[in-house]
């Protein structure tokens with residue numbers, strides 16, 4: 001009888017006994033890892049630092065666009081090396097929190113607080129995305145006694161095609177970002193077959209001033225009605241101070257053309273851009289305007305009183321506020337707008353942001369108007385995060401107190 | 001691998017991205033109440049682009065300046081020689097009331113809005129909406145239908161705001177050209193002469209004998225502007241600017257101007273305006289605190305001394321300029337002395353200018 005004894009195989013390391021991880025699991029593990037969270041938050045800190053330094057040369061608006069609302073950002077300004085911008089970083093952080101903090105985490109009683117906190121953070125990031133994608137903001141500047149219902153963008157331009165029929169104005173717009181690059185190089189055509197003409201925009205200037213073309217003046221720019229646009233250095237630090245301009249050629253379907261100069265001269269409330277380049281085609285009068293993007297409030301606001309208090313002995317404002325009357329339908333009511341106390345109505349928020357003085361010495365109040373669907377979301381997110389943290393650490397504290405009491409009884 | 005396959009396409013993709021589609025289309029049509037836009041149609045290119053404000057006064061048609069205008073002189077009034085350079089194509093005042101002024105301005109550009117905003121602003125008021133403007137009392141001026149505006153309050157159209165003033169303003173509009181007759185003075189005087197003003201407005205006409213002195217223009221001989229309420233000791237060589245409406249207005253050298261003026265409001269925004277004329281941004285706290293201080297009319301004033309390319313609020317440009325401004329708060333207003341000219345002219349005179357400023361006194 002032969003007995004055969006099989007050799008016992010050597011024990012495998014515990015890790016090797018685990019079922020092999022799929023690629024998807026590995027990727028999910030990496031994307032949802034705590035390490036990635038830390039790296040992403042550190043990277044956001046770096047972007048914040050770079051964006052802050054960039055404001056030595058750029059306006060806050062441009063720095064925000066270039067570093068936080070972009071897919072890539074320059075590591076050093078003026079050099080070609082680019083690094084991921086705020087947009088992919090925050091998307092990555094959102095995915096990281098969603099996968100690591102919501103999907104992969106064990107949904108247990110002890111993790112309720114952590115889950116709630118992660119939901120709050122996700123809501124915070126979501127609010128940022130909604131604001132980035134769908135919000136608008138602009139300025140409404142009023143003298144005392146003036147009533148306003150229109151607010152205009154701080155930095156963004158549009159060309160508006162307007163026509164008037166009695167007490168109604170019909171306007172169609174094209175944002176500058178849709179044509180500026182083409183109008184800088186050559187002709188940017190804006191066309192709609194339903195209209196009896198096409199519009200070509202050219203010689204786009206981000207900052208310019210109109211000048212009269214006299215016999216002693218030489219210029220490479222087109223001259224229309226004895227006037228041409230002269231380029232002015234773009235103010236990168238205070239972009240809202242730039243006045244854009246370009247030329248427009250209206251070509252009728254029959255071939256006739258109309259030439260005009262468009263200049264975004266507007267400095268509300270003192271100067272309002274309300275005089276379009278006028279032309280008539282097929283008996284209909286049209287106007288073309290280059291203006292700051294313009295929106296209308298569903299209500300109107302009258303500035304009753306602007307108040308500014310200075311620190312004693314200085315011209316530095318201690319605080320400033322606006323007493324306004326809101327008109328909506330046949331209802332009116334007074335509101336005081338001051339720092340951290342905006343007017344909220346019909347999806348719009350009016351903040352007290354600034355003030356100024358017109359050339360004739362009159363003071364005016366400048367309100368920022370924001371229409372942001374996620375306006376209150378950050379506040380709600382903070383409440384959610386607070387509830388999550390209180391829940392989590394409260395539970396920990398109770399557990400600790402309980403164990404201490406048990407230790408004392410033992 | 002995938003990256004390697006994509007690399008050869010990068011130049012093409014970049015070109016595609018750079019070229020893009022240069023044709024765009026309009027958004028959907030949006031309907032807006034006309035009063036929200038208040039569009040000014042058929043405005044000339046110059047006025048539409050703000051050239052009257054940015055490049056100096058609207059050029060008047062030569063025919064307007066060549067014409068003479070007259071009206072039936074009300075009892076107790078006197079006619080003064082016209083000053084077309086100051087947009088006073090005909091000029092009158094109440095006899096014995098040097099604070100009053102009534103003048104005709106013909107064909108000024110800018111349209112109703114820009115002119116009316118200025119008129120209302122001079123009394124600290126805001127231009128009402130189009131409907132309210134259309135509802136103003138009717139007048140006839142030079143054969144055209146127009147309206148009358150009446151103001152009362154503090155009149156801020158000079159170096160010093162004048163309280164208790166009133167104005168009657170008759171105007172007509174044709175396209176972007178505005179004709180107006182403006183009568184200003186102390187409230188009781190203006191109220192007492194309201195009907196006389198309206199009669200004068202109705203009687204204004206083109207003078208058929210423009211060069212000959214008429215009975216209506218049989219006023220005093222050309223006179224110097226109203227005497228300044230200030231005095232100053234200036235170095236030899238400074239030339240008073242004849243006929244200027246500004247106080248202590250001198251010409252230094254070929255191009256440098258020196259004058260005293262005033263304006264309502266706070267100091268800091270004005271400093272920012274003067275800095276912006278030299279291409280500078282707003283002044284910060286440290287910069288404000290660091291400005292040298294001198295005495296102006298008995299109060300502390302800051303000295304803003306800048307060199308560079310100058311562009312005035314009216315668009316006047318001067319390369320390699322020096323702007324020396326001394327400004328101080330006088331109650332609710334700012335009083336300032338401004339001296340602007342080529343740096344080559346101002347710099348050698350800087351100390352003399354500051355010494356002259358130190359001598360400015362109110363008369364009496």
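The values are calculated or read from the model by the stated rules, or taken from the named source; none is laboratory data. Just so we're clear, the structure is a prediction, and the values are computed from it rather than from any experiment. Cβ: placed from backbone, ideal geometry, glycine included. Neighbour counts: every protein chain shown.
Condition first: within 26 Å of residue B:317 (Cβ to Cβ), in contact (Cβ under 8 Å) with a residue 12 or more places away in the chain and outside any helix (DSSP H, G or I). Now tell me which residues in segment B:265-281 satisfy that.
Initially, segment B:265-281 is screened for residues within 26 Å of residue B:317 (Cβ to Cβ), giving B:265, B:267-281.
Keeping just the survivors that are in contact (Cβ under 8 Å) with a residue 12 or more places away in the chain gives B:265, B:267-268, B:270-271, B:273-275, B:277-280.
Residues satisfying the conditions are B:265, B:278, B:279, B:280.
Looking at (1) out of contact with any helix residue (DSSP H, G or I) (no Cβ under 7 Å at 6 or more places or on another chain); (2) in a strand (DSSP E or B); (3) within 8 Å of another protein chain (Cβ to nearest Cβ); (4) touching a residue at least 60 places away in the same chain (Cβ under 8 Å), which is the only condition residue A:171 fails?
The number of the failed condition is (4).
What single numbered condition from (1) over 30 Å from residue B:119 (Cβ atoms); (2) surrounded by 14 or more Cβ atoms within 10 Å (Cβ to Cβ) fails to hold for residue A:319?
Unmet condition: (2).
At least 2 residues that are over 28 Å from residue A:208 (Cβ atoms), at pLDDT 85 or above and facing chain A (nearest Cβ under 9 Å) in each: list the strands (runs of 3 or more DSSP E) lying fully within segment B:28-123 that qualify.
On the way: elements: B:30-33, B:77-80, B:90-94, B:101-108.
It comes to B:30-33.
Against the condition within 14 Å of chain B (Cβ to nearest Cβ), in a strand (DSSP E or B) and in contact with a strand residue (DSSP E or B) (Cβ under 6 Å, 6 or more places away or on another chain), how does residue A:301 come out, does it pass?
Numbers: within 14 Å of chain B (Cβ to nearest Cβ): yes; in a strand (DSSP E or B): yes; in contact with a strand residue (DSSP E or B) (Cβ under 6 Å, 6 or more places away or on another chain): yes.
Here the answer is yes, as residue A:301 does meet what is asked.
Which of the residues that make up segment A:276-298 are more than 10 Å from chain B (Cβ to nearest Cβ), closer than 25 Å to residue B:46 by Cα and surrounded by fewer than 16 Cβ atoms within 10 Å (Cβ to Cβ)?
A:283, A:284
Can we say residue B:282 is closer than 24 Å to residue A:362 by Cβ, within 14 Å of chain A (Cβ to nearest Cβ), buried (at least 17 other Cβ atoms within 10 Å of the Cβ) and modelled with pLDDT under 85?
Working: closer than 24 Å to residue A:362 by Cβ: yes; within 14 Å of chain A (Cβ to nearest Cβ): yes; buried (at least 17 other Cβ atoms within 10 Å of the Cβ): no; modelled with pLDDT under 85: yes.
Taking the combined requirement at face value, the residue does not satisfy it.
Select from segment A:323-334 the residues that are in a strand (DSSP E or B) and either free of Cβ contacts under 8 Å to residues at least 24 places away in the same chain or within 15 Å of residue A:144 (Cβ to Cβ) (or both) and list them in ascending order. It would help to see each step written out before you state the result.
As a first pass, look at segment A:323-334 and keep what is in a strand (DSSP E or B): A:323-328, A:331-334.
Hits for segment A:323-334 are A:323, A:324, A:325, A:331, A:332, A:333, A:334.
Does any residue of segment A:107-118 turn out to be outside the structural domain of residue A:305 (by TED's automatic domain parsing) and buried (at least 20 other Cβ atoms within 10 Å of the Cβ)?
Residues of segment A:107-118 outside the structural domain of residue A:305 (by TED's automatic domain parsing): A:107-118.
Add one more test, that the residue is buried (at least 20 other Cβ atoms within 10 Å of the Cβ), and what stays is A:117-118.
Scanning segment A:107-118, I find at least one residue that is outside the structural domain of residue A:305 (by TED's automatic domain parsing) and buried (at least 20 other Cβ atoms within 10 Å of the Cβ), so the answer is yes.
Take segment A:182-210 and flag every residue that is at the interface with another protein chain (Cβ under 7 Å from one of its Cβ atoms) and within 30 Å of residue B:311 (Cα to Cα).
A:209, A:210 - these are the residues of segment A:182-210 that are at the interface with another protein chain (Cβ under 7 Å from one of its Cβ atoms) and within 30 Å of residue B:311 (Cα to Cα).
Being more than 11 Å from every other protein chain (Cβ to nearest Cβ) and part of a loop (DSSP other than H, G, I, E, B) is the filter; apply it to segment B:124-144 and report the residue that is modelled with the lowest pLDDT.
Top of the filtered list is B:143.
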